[in-house]
């Protein structure tokens, strides 16, 4: 036998034994197939005293018998059957609070609502992360009524009016006037400023004061909890 023939002979793959059970013990360096009835086909090898095994598939589907640990990102091309992904994600709502304590008097007066302190800040809140404005409510006193008219509160994004507007009448006096809406929700990005503009618009002069405003924000968690 010449050298080339001997090298070829030595390089031939040896037959790998196959058994009909999953092995509990193996010899160091041993390789074998295990295929119990009704179970997955596995390839085993023992290296440095530890048994390693790999499952096989005949249709591209994999069955994992225990936990799956992923060190990087998981990309899902289609739905996960039998798993309610929404159950692992949560939607959070919280309020942005505005107010205006001073009197607003006139027939057509526009002003910015104040933030929590209701004293100086008319620039609203700078948002930390992206989300959705889902509603606004207004509560106020009318101490001098007009024949016809409303107090309007409009949510602004970066000082630009959105289409989310709530209004309440100024045709009657009272200490418990108000309204709310969840129509015309809109999204915002991290860094956007959310503010509220007030407009008193009526046929003759009216007076409103002690205005409390709540803007509802929704955050959808992107991390399972």
So how do 73, 39 line up by other beta-carbon neighbours within 10 Å, fewest first?
-> 73, 39
For the stretch 148-195, go through all pairs of different Cα atoms, get the mean of 1/r, take its inverse, and jot down that Kirkwood value in Å.
-> 12.3
Using only the alpha carbons, work out the radius of gyration and Dmax of the stretch 88-225 in angstrom.
-> 15.7, 55
Label-point separation, residue 57 to residue 190 (7 Å along Cα→Cβ), nm | 3.4
Distance from the Cα centre of the stretch 14-80 to that of the stretch 101-150, in angstrom?
-> 65
What does the highest-first list of 55-64, 189-198, 90-99, 171-180 look like by mean Cβ count within 10 Å?
-> 189-198, 90-99, 171-180, 55-64
What is the gain in length, in nm to one decimal, between residue 66 and residue 48 on full extension, counting 0.36 nm per residue of separation less the C-alpha to C-alpha distance?
-> 4.1 nm
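Read-outs: derived from the displayed coordinates by stated rules, not from any lab. As the structure is a computational prediction, the values presented were derived from the model and not from experiment. No Cβ is skipped: glycine too gets one built from the backbone with ideal geometry, and neighbour counts run over all protein chains shown.
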